[in-house]
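A short worksheet on the structure shown next.
The values are calculated or read from the model by the stated rules, or taken from the named source; none is laboratory data. As the structure is a computational prediction, the values presented were derived from the model and not from experiment. Quick reminder, even Gly has a Cβ in these numbers, built from the backbone with ideal geometry, and neighbours come from all protein chains shown. Accessible surface areas use protein heavy atoms only, side chains included; no ligands, DNA or RNA. Shrake-Rupley method; radii C 1.70, N 1.55, O 1.52, S 1.80 Å.
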Amino acid sequence: MPRPDLARRGLAEGLAAFALVFAGCGAIVANEVYGGQLGSVGVALAFGLVIMVMVYATGHLSGAHINPAVTLAFTLSRHFPLREALTYIAAQCAGAIAAALALLAIWPDRPADLGATSPSVGVGSALAYEAVLSAFLMFVIMAVATDTRAVGAAAAIAIGGTIGLDALVGGPVTGASMNPARSLGPALAAWEWRDFWIYLVGPIVGTALGGLAYQLVRGEQPGGGPDEPIPGPG
């Protein structure tokens, strides 16, 4: 079955990013409004689950990057064409912004800054956290997206589980964004830009390193040829 054209794949990316921000950041808002009923574990679970279901729903269409840093890492590792990366990134950011604006319309008093990410530690520590968590994520994504030895049907569970684990570990520290679009939407809607650059630099550097680490561990494939460019987990 042929893949959808670029416009449709971009739409799939935008819708998945919308779901990520609306569900994940919506969980943060609900946790704040309703006295912490979800707790940090519940918020982490919300992020992990929404990524899992979106990978299942859109992985076969667009590759389910849902993250500009992941798209850039795939492009740098020559698993995704540069000519399509800008469309993906624009769609991801647009979807995240639309979701944050929807949350703003529902919660005009902006509880929990609509899920905007800001560090609870120093800038250097926060940057390290975002980079390392993003590297973990990209390592797993590269495994399930580019290696035929990995079990394809489990991609959504593996990636969603990694998101949930990273959110448990880093949520109280930095918000565990790992995703520039996820941070951009709430920052714009709540107009909360404190240390926003961390959520651009950390995930981009981390995903690049995570992708490189998997390629080093993986080694050369049978036949010795380069990998075929593929879109991502799906």
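One table, with the values for the structure above:
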quantity: Qualifying residues in segment 9-36 (those that are at pLDDT 95 or above and over 17 Å from the mean Cα position of the chain (by Cα)) - the one farthest from P186 (Cα to Cα); calculated: Y34
quantity: Residues of segment 165-175 satisfying the condition of being open to solvent by 10 Å² or more (accessible area, probe 1.4 Å) and under 16 Å from A46 (Cβ atoms); calculated: L165, A167, L168, V169, G171, P172, G175
quantity: Hits in segment 100-138 - residues which are open to solvent by less than 40 Å² (accessible area, probe 1.4 Å) and not in a helix (DSSP H, G or I); calculated: A116, T117, P119
quantity: Residue count, segment 1-47 (criterion: part of a loop (DSSP other than H, G, I, E, B) and more than 20 Å from R110 (Cα to Cα)); calculated: 5
quantity: Selection count, segment 48-75, where residues are on the phi > 0 side of the Ramachandran plot and either open to solvent by 40 Å² or more (accessible area, probe 1.4 Å) or part of a helix (DSSP H, G or I) (or both); calculated: 0
quantity: Flag for R78 being farther than 24 Å from F139 by Cα, part of a loop (DSSP other than H, G, I, E, B) and open to solvent by 10 Å² or more (accessible area, probe 1.4 Å); calculated: no
quantity: For T75: the one exception among (1) over 18 Å from the mean Cα position of the chain (by Cα); (2) at pLDDT below 95; calculated: (1)
quantity: Long-range neighbours under 8 Å by Cβ, at least six apart or interchain, first residue free of Cβ contacts under 8 Å to residues at least 40 places away in the same chain within segment 70-87, second open to solvent by 20 Å² or more (accessible area, probe 1.4 Å) and not in a helix (DSSP H, G or I); calculated: T75/P81
